[in-house]
C-alpha cells in the first residue's frame, strides 16, 4: 500500500484522491435503521476519507448574529434520542402514518448515461421506479414512505450522503471539519446566511454589479451592500482591499464589513469568471481583513469549452471525467485553508430549478447553526424532490454518470454561447457596444459606450439606458438594464450595460433578438443600419 | 334566475353557495399563455364568485415590521411586464431551457376515488402521467417543462387556482379582498409571519401549552410568548382578555401583544379543539383589543366522528360531502369579518408532509407582503411537489374526490383514537391519569395528578415529570413531556401532562405502549399493578 493512502473512520485505507467511478466502493457500511423517516444524519460520517491531517476551521463566533447565536436546538430531538433503544415504541413524534399517503409508486423517465439529448431521452429514456415500502422490502434505501414523511432540517440521509461525496470529489476542502447541509435553494440560503451573519445597519461587500435578489433580500433587513470594482474576471482584489483598508465607520455609520458575497463563476449579471489566481488573490485579501466569504456558485458547472470565434476549430471536449474535473477553475471552497468560506450549491442550473434543492458547505460550526435555522424555518427541501434526485443521481447514474451529464450541459451551453456571440458580431455596432465572450454561466454582458450618445452631455446614464431599453422593447427584444444590478444605487456609476442570456431562447430567436437590439441601439445613437 | 345568484368578474352568474361537484363548471376561461413557466397569477382572479357585497378587510400597516413594510417588489418583474407584447423575444430572465431537465415523464400511482386504503391503492391504484411538454401539446395545463423551471413566490398558477377554490368552498371568508399564496409548509409560514408582524422585544399571545417549534422560531428573534389559560376546548377568551386588559408595558418591558397565535383544532400538544362559540368569543376579544390572529390549522380536516366509548354504536359517517363540510367547526377565517386572520393550511397531515407545500389565506395586503417575502426567501414550494399535487387533487380527483379522501382519513383517525382510548381505559390508573377524548388531530393529552406523588411536597413538577418520563423509557414507551410545550418557561405552571400520539404506530403497538406507560406511572406513584 502506498504511504499516502489514508485511513477512514473505520480504519479502512482509502486512496489519496477520489474518482467518480470508484467512490461508491469506498462507502462505509450503514445500518438499514439509519435510513428511516426523519433519520438524523451527519454529513461528516459520509465523507469517504478522514481529513485529520488538515488544519481545523477557524471559529466564527464573533460574526454570528444575536439571532443565530441564540438559536437553541429543536427540543423534540431530546425525546428522539431514546428511539434507538431496542423494542422502544414511540407515541412521541407527530409523524403521520404512511397509510395516509395516497401514492404507492412513482416512476421517472430519465436519460441513459451518454444518451442525454431531449430526443434520445424521449426515445430511449428509462423508467426508474420508487415504491412506497422499498426500504422495508429491501429494494432500495429510499422510498415514498420515508421521503414523503417529515424529514430533518439537513435533508434526508440518503441524498446528503451523495452530496457529501460529490463535494469531496469536486472540492476536497483543505481543512478537516467541513460539512454539508441541504437547502431549499440558494435564494433561501442567502436569506438564512444574512440573518446568521449580519445585523441591521451592517454592510456586506460584493461586486459592484451583483445579483439583485441578494440585494433585495438584504435591504429590508437593514443591510447594505458596498460595491467592489470589477474587470473581465470580476471582483478586483485591490479594490476590495482598498474598500476595507479605507473603511471609515464614522463616515459610513457602520462597522467594516465582515462578509464578502461573491459569484465567482459566470457571475450574474456580468458573466465574469474569476480565474484561479484571481481567487487566490481575493482569498488573501479576505485573510488580511478576516473577511468571511459567501461563495454563491449556481453556474460552477456551466464552465464552457474555450471560446473559438467564428470559423475556427472547436476544442475537443474533456476525454475523461477526471480531465473534466481538472479543467474546472478551483472553487474558493477548495482553497479554503481557514474554513472562512460558505459555499452555496444548487441543482437549479444543472438539473432543474423546480427541485428547490441545494446545499451549503462550510465548517461544522456554521453548518450546525444553519441546520438549526432550517429546522424551524423550511424543514429542509421537499421529500418528493429529494426522492426524485436520489433515484437519478445516486441509484441510477451514480457520480460518474452525473459528471457525464455535466459535460453534456457544458457542451450545450458552449453551443448556445456560440450562437449569441455570432449574432452580436453580426448585428451589433461595435463602435457603441462591446463585450467579452463569457467563460461560464448563462449571461452575456453588453457594454454601451454611452458617451457617444448624441445628448451624452445633457442626459444621465439612467436616461440613456431607459431610452435604449424602450427602443429595444419597441423592436421586440427584451434585455435587462444593468442598473437593476447595482450593488448600491447610492454609489456613483459611470458605466452602462445590458444583460442578455443565451440560456433560454432557441438559437434562431437569440439571433433575431440580438438583431432587433442592434437596430434599437443604432436608432438611439443615430447610426445608419 | 334566483336573485341571490352573484355575478363573477366576467358578468357570469354563479350560485350563492358552492359545492364540490360543480365548482369546476364555474371556472373562468383562462388563456393557455397564463400557464407557462413562472407565470404570475392572482389568487383573486381564481375566485369563483365576486365578493363585492362583503366588507373590505381592515388595513394592518400599524403591525407590519420595519422589515416587511420596507420590502420592495422583485425588480426583475418590471422587465417581465413587457413579455406579454406579441412577438416579444426575451433574452431577459435567467430561466434555463427545459432541454436540460433530465426528466421526460413522471407517473404517480394513486388511489381511485372511494378505494383509498393502502391495500386498494396497491391493487387498484391508477398511474397518472405528467409529460414534459403536456402544456404545449395541449394534453394538460401543467407539465414538467413548466413546473420544473423557476416559479413565482406565490407558487404555480395551476395549483393556486385549486387552492383558492378549495378555500372558497370550505371557508368562504366574509370579507371581499381575501387572497391565498402558497408556502413551503406552515413551519416556514410561522417564521415568515413572525418576521412580518413582530419586532425584537415583542410578546405574542398563545395557548399556555403551545407548538414548541413556534416558540423556538420566535425566541432567537427576541420575541416572547405570553401564555393564555386553557380548558378542554383550548384557549380561554376571558384569560386572553385579562392578559391584554391588565398588560403592564413597564412591568413586561414590552408593548401589549398585537398577535395571537392559536391552533384551534386538535391543538398541538393538548389535542384541544375550540368549539364554534369558543371561536366567536375569542374573535370578539380580538376585536376588542385589535389583535391580529394567526390561525395555524394543520389538523382541521382531522376532525373525527363523535366519540363512542367502548361497546356503543359508532356514528355513521357523513352521507354526502356537503354534510361533511357542514359537520366541520367553522374556522376563524370563515367568521373573519375584519380580515384580521391569517390562516395557515398545509398538505402535511392530509396528504404527506414531504410535499412541503401549504398556503396561507389572509387579506390582500398581508398576502402581498408575504409573497414579496417568498420571492427572495423560498421562491415558493418545489415544482415537483406542486406537479404531483396538481395531477392528483385537480386533474384526477377534483374537489369532490379530495373531500372523499378527507372523509376516509377522518374515519381512519377515528379508529386510531378508539384504539388509544380503549388502551388508556384498560391500562392507566384513573386515580392518577385523566384525559378527554380528543375531537380532532393527532394527539392525546394525559394529565397526571402530580399531587398524589409520594414526594409531591418535596419534589418539583419538572422532577416528577422527568421521573415518569424515564420510567416510561425504561418500560420501552416514549411519550413527550408536557413541559416541552410551555409557551413561556418563565411563567408558573401547576399542571403536569404527557403528550401521546395515535397517528403513527400500528394499533397493537399503541396498546402495548400505553400498557407500558401505565406500568411506569404505577411504579412511580407506588401503586400496585
Tell me the distances, shortest first, between residue B:280 and the same position across the other copies, using label points 7 Å along Cα→Cβ, in nm to one decimal. 7.7
Return one number: the angle in degrees, 0 to 90 and rounded to the nearest 10, between the long axis of the Cα atoms of helix A:157-170 and the longest principal axis of the Cα atoms of chain A. 50 degrees
On C-alpha positions alone, give me the angle between the axis of helix A:364-376 and the longest principal axis of chain A, in degrees, nearest 10. 90 degrees
Once both label points are put 7 Å beyond Cα along the C-beta direction, the residue A:21-residue B:229 separation in nm becomes 7.5 nm
Just grab the label-to-label distance for residue A:509 and residue B:337, each label 7 Å out from Cα along the Cβ direction, in nm (one decimal). 5.2 nm
Defining the label point at 7 Å along Cα→Cβ, can you sort the distances from residue A:508 to the same site in each other copy, shortest first, in nm? 6.7
Under the definition of Cα pairs under 8 Å and six or more residues apart, what whole-number percent is the relative contact order of segment B:102-149? 34 percent
How far, in degrees from 0 to 90, does helix A:507-524 lean away from the longest principal axis of the Cα atoms of chain A, to the nearest 10? 40 degrees
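Neighbouring Cβ atoms within 10 Å as the yardstick, rank A:340, A:24 fewest first.
Taking fewest neighbouring Cβ atoms as first place, the list is A:24, A:340.
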Among A:235, B:169, what is the fewest-to-most ranking by other Cβ atoms within 10 Å? B:169, A:235
Span from the segment B:448-495 Cα centroid across to the segment B:293-372 one, whole angstrom: 32 Å
Per DSSP H run of at least 4 residues, take -39500 (n - 2.57); add these up for chain A, divide by its residues and hand me the 222 nm value, nearest 500 deg cm²/dmol. -9500 deg cm²/dmol
Rel. contact order, % - alpha carbon contacts under 8 angstrom, at least six apart, segment B:415-524: 41 percent
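Can you compute the FRET efficiency between residue A:315 and residue A:119 using 1/(1 + (r/R0)^6), with r the Cβ-Cβ distance and R0 = 25 Å? Round to the nearest 0.05. If you can, show how the numbers build up before the last one.
Values: r = 25 Å, r/R0 = 0.98.
The pair residue A:315/residue A:119 has a calculated efficiency of 0.50.
By DSSP, what percent of the beta bridges with both residues in the protein assembly as shown are antiparallel, rounded to the nearest 5?
On the way: 67 of 101 bridges.
Percentage antiparallel, nearest 5: 65.
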To one decimal in nm, how far is residue A:425 from the same spot in the other copies, if labels go 7 Å from Cα toward Cβ? Please give the shortest first. 8.6
How far is the Cα center of segment B:198-249 from the Cα center of segment A:169-213, in Å? 34 Å
Contact order normalised by length for chain A, with contacts defined as Cα pairs under 8 Å and 6 or more residues apart; what percent is it? 18 percent
I'd like the antiparallel share, as a percent to the nearest 5, of DSSP beta bridges with both residues in chain A. 65 percent
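I need A:52, B:35 ordered by Cβ neighbour count within 10 Å, fewest first.
Details: A:52 11, B:35 19.
So the ranking, lowest neighbour count to highest, is A:52, B:35.
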Would any residue of segment A:374-409 have its amide N under 14 Å from a label point 7 Å out along Cα→Cβ of residue A:45? List them or say none. none
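Coordinate-derived values only; no laboratory data. Note that this is a predicted model, so its numbers are computed, not measured. Methodologically, a virtual Cβ is constructed for each residue, glycine included, from the backbone with ideal geometry; neighbour enumeration extends over all protein chains shown.
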